[in-house]
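A.B. asks: One structure follows; several queries about it will come next.
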Ligand SMILES: C[S@@+](CC[C@H](N)C(=O)[O-])C[C@H]1O[C@@H](n2cnc3c(N)ncnc32)[C@H](O)[C@@H]1O
């Protein structure tokens, strides 16, 4: 059964066995695996699919869903053709959150916007034709963000600029997700998302690896790009475990009611654990 789920969530046609094997969490009723599968098929057919690994995509969606109670907004920096944007928009609609999409390329942003509207998620998304620094200085910058997902300028200098901007507004968000963490080029040493993050946030920054994990040298793409180790990282903003774990998702009304019912209550609440979130 598990193997079947793995096949289903990690392919769009072909299984992606190189990914980390992240098992999609089935227990969240408002994050349907079938719907994601359908969306991923639509965007693949339209040539808008994200180049990120399915394991990375699943991990980002899982992070947003599990931490949804921590904020009202999701921010995507760098949308390309909207392959991930539509998935974030779907999740935001399910959760009643707002999605802010930023890209400095007008055409790509327009293409993404069209796709999001066509698929019926336009009501939850806002689009900004600018870079992250300008967005942070704008009136639209949201104060309580679940996650800021950065997949934009992968050069050391470009990512350094984004990280310095992020540093100023860190208290307004719970998580920051970086794609292409250890991207390298055989012919260019100006790339360096990881180097920029360590430079700005320090060597001891709390980073959780997600997506593809390289265990030996990858074959570079025709452009000479390869991942030295892992594809993405999640940076959880409260640095201390006590701060991370202190805040808990409030129990649902059903659970609260069940727990208050004598004798049967605790037993029933325990049984409902899987369907409650
Ligand atoms: C790698 S693509 C993003 C891929 C996308 N996340 C996906 O999964 O399909 C990078 C995107 O970031 C945008 N970008 C690059 N540098 C940027 C910057 N400094 N500010 C805003 N957008 C930027 C590019 O126009 C491009 O659309």
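A.B. asks: Within the set of pairs 6+ apart or on separate chains, which have a first residue in segment 78-93 that is over 11 Å from residue 49 (Cβ atoms), a second that is assigned to a loop (DSSP other than H, G, I, E, B) and near the ligand (Cβ under 7 Å from one of its atoms), and C-beta atoms under 8 Å apart?
C.D. replies: Matching pairs, first to second residue: 78/103; 78/151; 78/152; 78/153; 79/103; 85/79.
A.B. asks: To continue, here is another question. Name the residue, out of 60, 116, 75, that is more than 30 Å from residue 248 (Cβ to Cβ), buried (at least 23 other Cβ atoms within 10 Å of the Cβ) and more than 9 Å from the ligand (Cβ to nearest atom).
C.D. replies: Sole residue among the options that is more than 30 Å from residue 248 (Cβ to Cβ), buried (at least 23 other Cβ atoms within 10 Å of the Cβ) and more than 9 Å from the ligand (Cβ to nearest atom): 116.
A.B. asks: Taking segment 120-129, which residues are surrounded by 18 or more Cβ atoms within 10 Å (Cβ to Cβ) and assigned to a loop (DSSP other than H, G, I, E, B)?
C.D. replies: Once the filter is applied, which keeps residues that are surrounded by 18 or more Cβ atoms within 10 Å (Cβ to Cβ) and assigned to a loop (DSSP other than H, G, I, E, B), segment 120-129 yields only 121.
A.B. asks: For segment 168-193, what are the residues that are within 15 Å of the ligand (Cβ to nearest atom) and part of a helix (DSSP H, G or I)?
C.D. replies: Matches in segment 168-193: 193 only.
A.B. asks: Among the residues of segment 88-99, are any within 9 Å of the ligand (Cβ to nearest atom) and assigned to a strand (DSSP E or B)?
C.D. replies: The answer is no; no qualifying residue exists.
A.B. asks: Which members of segment 152-167 meet the condition of being in a helix (DSSP H, G or I) and in contact with a helix residue (DSSP H, G or I) (Cβ under 7 Å, 6 or more places away or on another chain)?
C.D. replies: 156, 159, 160, 161, 162, 163, 164, 165, 167
A.B. asks: Select from segment 130-151 the residues that are assigned to a loop (DSSP other than H, G, I, E, B) and more than 12 Å from the ligand (Cβ to nearest atom) and write down the one among them that is surrounded by the most Cβ atoms within 10 Å (Cβ to Cβ).
C.D. replies: 142
Each value in this text was obtained by applying a stated rule to the coordinates, not by laboratory testing. Note that this is a predicted model, so its numbers are computed, not measured. Every residue, glycine as well, gets a Cβ built from its backbone with ideal geometry; the counts of neighbours run over all protein chains shown.
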